[in-house]
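Engineer: Quick one: the structure is below, questions incoming.
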Amino acid sequence: MRFRGLWLLTIGTLGGFSSANPMLEAAVAERATTFTNPILWEDYPDLDVFRVEDVFYYSSSTFAFSPGAPVLKSYDLVNWTPVSHSVPTLNFGSKYNLNNATDRAYVKGIWASSLRYRQSNDQFYWVGCVESSKTYIWTAVSSGAGQNSGEVTNWNWSAKATLNKCYYDCGLLVDDDDTMYVAYGNSKIMVAQLNSDGSAEVKSQQVYVDPAGAYIEGSRMYKINGTYYILVTKPASAEWVLKSKSPWGPYEKQVLVDSISGPLSNAGYSHQGGIVNTKDNRWYYVAFMDSYPGGRIPVAAPLTWTSDGWPQLVKDGSAWGKTYPLPVQTSKTVPAPVGKDDFQGTSLSHEWEWNHNPDTTRFKLLGGSRGLQLSTATVTNDLFTARNTLTHRIIGPKSSGTFRIDVSNMADGDHAGAVLFRDVAAYIGIHKSSSSAQLVFVNNLSLNSDWTTKSTGTVAATGPTLDSAATDIWLRVQADITPAFSGTTVQRTTTFHYSTDGSKFIQLGSAFPMTNSYTFFTGYRYGIFNHATKSLGGQINVKSFTMQLV
Ligand SMILES: *[C@@H]1O[C@H](CO)[C@@H](O)[C@H](O)[C@H]1NC(C)=O
Ligand SMILES: *[C@@H]1O[C@H](CO)[C@@H](O)[C@H](O)[C@H]1NC(C)=O
Ligand SMILES: *[C@@H]1O[C@H](CO)[C@@H](O)[C@H](O)[C@H]1NC(C)=O
Ligand SMILES: *[C@@H]1O[C@H](CO)[C@@H](O)[C@H](O)[C@H]1NC(C)=O
């Protein structure tokens with residue numbers, strides 16, 4: 001009886017199944033009382049987790065994708081959905097607008113940053129250092145969270161301040177007395193105190209350096225039972241806990257995890273992350289694991305505490321567990337990460353991020369079921385320099401992303417398609433000329449290690465020429481992002497498919513091998529693009545996007 005509400009809700013999502021099926025009920029009950037790692041098989045790195053009343057929040061880094069720093073919410077710490085972005089426009093300089101081939105910001109932008117709720121003024125604060133030089137602070141005022149069990153009624157982000165110093169890999173703490181602190185730094189861990197409205201620094205000082213000289217970063221700062229904690233990572237294998245009676249130290253250190261295996265094979269070690277408690281004060285550590293080609297994905301595990309106040313990870317033997325009891329039993333749910341988006345709202349959902357800041361005059365939600373209009377925004381033969389490529393994280397381990405697009409208003413020379421987007425990329429799309437619309441599979445798009453363009457792509461296969469009266473084409477990218485980051489030389493592959501009726505899909509070209517390198521940081525994404533090679537004026541309508549596990 002205890003889990004009845006959850007059973008019914010879970011069964012509800014299974015559609016046609018009847019709750020009279022005892023085997024299914026048993027299976028659902030089993031699923032409802034435990035969870036399986038990873039908690040969300042999507043690329044949400046550099047996580048910062050915290051809770052406001054009933055709602056867990058999660059902030060993540062996004063580099064040059066825009067909007068930046070997504071905010072996810074959860075009621076059980078396991079099922080998450082993106083609900084906002086702390087940085088609606090990357091206000092870090094002109095290169096974030098993807099102006100041209102020499103004015104781009106790949107791999108720059110938002111790295112590990114921090115998000116917290118401040119009860120006293122009902123504001124969320126986001127703090128992040130960009131390009132190791134400046135720190136940007138954004139706030140969302142009048143959120144309503146404190147009055148509404150942690151639910152935000154209105155995410156109203158605005159740029160609050162820019163500090164002329166870098167809070168590298170920072171972690172924000174709002175102390176019990178409302179003082180705001182920021183822990184930050186690499187190797188030398190620092191703590192800064194902010195002024196009363198959190199817009200400037202009052203003081204800062206070094207609080208910890210490893211006597212053995214280890215490189216550490218990724219600070220997260222907490223106050224628990226009157227004691228200050230800073231979690232730091234020793235990349236890319238360990239998490240340390242620093243503990244002190246004062247925010248200014250001295251801090252003692254213990255190792256929380258170091259090179260422990262699991263929960264997935266061929267991934268990196270679970271490390272950099274943060275801790276959070278449930279309303280009934282049970283604690284969890286949420287970390288990410290390097291899981292390329294898919295990126296960095298979150299895993300969770302419970303903590304226990306020693307009598308002298310050190311957290312200990314609950315392991316499965318010596319490994320990070322694959323399953324643990326569900327942290328919170330609740331009837332509140334969030335939308336599933338898979339499904340269909342037909343762009344009916346007045347703004348894009350927070351599942352979507354553009355490659356750099358978009359040209360907002362060149363896309364439009366048409367309303368009703370007419371979809372998203374993408375007008376060409378750049379004349380270029382280089383997709384990495386084209387503005388307004390719209391991206392979506394890939395759910396793992398294997399999934400497909402299918403775009404239904406209307407290509408009847410493409411102009412001579414336009415290139416549009418569904419891309420497997422990263423520094424080594426490929427796409428299926430349409431190359432339009434005055435006389436025809438040619439279906440193509442293009443691979444061999446790549447960036448150099450300094451993120452200049454190495455190759456703009458090679459047409460590796462051609463499909464039929466589309467009837468000029470045809471409006472709808474379905475383009476499908478089917479990706480296997482099972483980790484292949486460590487202990488294997490395997491390359492996972494992606495295949496590209498098209499359909500002219502939405503039901504019969506035909507593969508175009510051969511399977512594309514993905515890179516497992518971490519240096520681009522962001523993992524592979526699904527994306528839709530439309531750029532001109534001759535002149536602006538053409539457009540496509542994106543009628544829907546469907547992501548499904550396969
Ligand atoms: C690229 O864009 C920047 C910013 O608009 C501009 O200063 C620069 O001259 C441009 N470079 C080229 C090669 O067009
Ligand atoms: C949004 O935030 C701005 C800046 O803090 C504020 O001036 C404005 O009143 C807020 N709007 C709403 C609807 O809360
Ligand atoms: C904090 O104090 C409470 C009350 O004494 C205790 O139950 C709890 O275990 C302590 N530790 C943590 C991490 O909450
Ligand atoms: C990839 O692109 C580069 C640069 O455009 C070109 O030299 C090379 O031949 C291409 N490789 C393949 C396999 O198409």
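The values are calculated or read from the model by the stated rules, or taken from the named source; none is laboratory data. Computed from a predicted model, the values in this text were never measured in an experiment. As a convention, Cβ positions derive from the backbone with ideal geometry for all residues, glycine included, and neighbour counts pool all protein chains shown. Heavy atoms of the whole protein, side chains included, go into the accessibility calculation; ligands, DNA and RNA do not. Shrake-Rupley method; radii C 1.70, N 1.55, O 1.52, S 1.80 Å.
Engineer: Below 8 Å, C-alpha to C-alpha, sequence gap of six or more: please give me the relative contact order for the chain in percent.
Structural biologist: Working: 1542 pairs, mean separation 78.6, N = 550.
Worked out over the chain, it gives 14 percent.
Engineer: Find how much the distance from residue 205 to residue 120 grows on full extension, using 0.36 nm per residue of separation minus their present alpha carbon separation; answer in nm with one decimal. Present the calculation step by step, with values, prior to reporting the outcome.
Structural biologist: Details: separation 85, 0.36 × 85 = 30.60 nm, distance 2.58 nm.
Here the answer is 28.0 nm.
Engineer: Among 32, 309, 540, flag the residue with its Cα farthest along the positive direction of the charge dipole of the chain, charges on Cβ as +1 for Lys/Arg and -1 for Asp/Glu.
Structural biologist: Going by the Cα projections, it comes out as 540.
Engineer: If you place +1 on the Cβ of every Lys and Arg, -1 on the Cβ of every Asp and Glu, and leave all else neutral, what size is the dipole of segment 149-284 about its Cα centre, to the nearest 20 Debye?
Structural biologist: Values: 12 positive and 14 negative charges, 43 e Å.
Roughly 200 debye for segment 149-284.
Engineer: What accessible area, in Å² to the nearest ten, does a 1.4 Å probe give for residue 111?
Structural biologist: The value for residue 111 is about 80 Å².
Engineer: Please return the longest stretch of the chain lacking exposed loop sites, where GluC sites (Glu not before Pro) count only if DSSP places them in a loop and at most 15 other Cβ atoms lie within 10 Å.
Structural biologist: Numbers: sites that count: 53, 131.
Maximal segment without exposed cleavage sites: 132-550.
Engineer: Another one. Describe numerically, in nm with one decimal, the distance between label points set 7 Å from Cα along Cα→Cβ at residue 178 and at residue 450.
Structural biologist: 5.1
Engineer: While we're here: State the answer as a single residue: which of 531, 277, 244 lies farthest towards the positive end of the charge dipole of the chain, with beta carbon charges of +1 for Lys and Arg and -1 for Asp and Glu, about the Cα centre.
Structural biologist: Sorting the options by dipole projection puts first 531.
Engineer: Strictly over 32 Å apart at the Cα level, which of 73/223; 73/234; 188/398; 364/432; 95/160; 332/504 would you flag in this model?
Structural biologist: Values: 73/223 22 Å; 73/234 27 Å; 188/398 40 Å; 364/432 22 Å; 95/160 21 Å; 332/504 38 Å.
Long pairs (Cα-Cα over 32 Å): 188/398; 332/504.
Engineer: Where does each of 350, 356 land when they are ordered by accessible area, with a 1.4 Å probe and the largest first?
Structural biologist: Details: 350 60, 356 0 Å².
Putting 350, 356 in descending order of accessible area: 350, 356.
Engineer: A further question follows. Give me the aspartates and glutamates in straight-line cross-link reach of residue 279: C-alpha distance below 13 Å, same-chain residues under 8 apart excluded.
Structural biologist: Partners found: 53, 54, 76.
Engineer: Multiplying the sequence separation of residue 54 and residue 493 by 0.36 nm and subtracting their Cα-Cα distance, what value in nm do you get?
Structural biologist: Working: separation 439, 0.36 × 439 = 158.04 nm, distance 4.02 nm.
Between residue 54 and residue 493, full extension yields 154.0 nm more.
Engineer: Next question, about the same structure. Using 0.36 nm per residue of separation minus the Cα-Cα distance, give me the extension gain between residue 279 and residue 165 in nm, one decimal. Please list the in-between numbers first.
Structural biologist: Details: separation 114, 0.36 × 114 = 41.04 nm, distance 3.62 nm.
So the extension gain works out to 37.4 nm.
Engineer: Between residue 258 and residue 246, what is the label-to-label distance in nm when each label sits 7 Å out along the Cα-to-Cβ direction?
Structural biologist: Rounded to a tenth, the inter-label distance reads 2.9 nm.
Engineer: List, in order, the whole-Hz ³J(HN,Hα) value for each residue of segment 489-494 obtained from phi through the Karplus relation with A = 6.51, B = -1.76, C = 1.60 and θ = phi - 60°; use x for Gly and Pro.
Structural biologist: Going residue by residue, I get 10, 5, 10, 6, 10, 10 Hz, with x marking Gly and Pro.
Engineer: Another question, then. What whole number of Å gives the distance from the Cα centroid of segment 170-186 to the Cα centroid of segment 345-407?
Structural biologist: 36
Engineer: Show that you can apply the helix-only estimate: for the chain, add -39,500 (n - 2.57) for every DSSP H stretch of four or more residues, divide by all residues, and state [θ] at 222 nm to the nearest 500.
Structural biologist: On the way: 2 runs with 22 residues, N = 550.
That comes out to -1000 deg cm²/dmol.
Engineer: On C-alpha positions alone, give me the angle between the axis of helix 4-13 and the longest principal axis of the chain, in degrees, nearest 10.
Structural biologist: The answer is roughly 20 degrees.
Engineer: Go through segment 166-172 residue by residue and turn each phi into a ³J(HN,Hα) via Karplus (6.51, -1.76, 1.60, θ = phi - 60°); whole Hz please, and just put x for glycine and proline.
Structural biologist: Those phi angles translate into 9, 8, 4, 6, 8, x, 8 Hz.
Engineer: Also, quick follow-up: With angles folded into 0 to 90 degrees, how steeply does helix 22-33 sit against the dominant principal axis of the chain? Use alpha carbons for both and round to 10.
Structural biologist: So the helix axis and the longest Cα principal axis differ by about 60 degrees.
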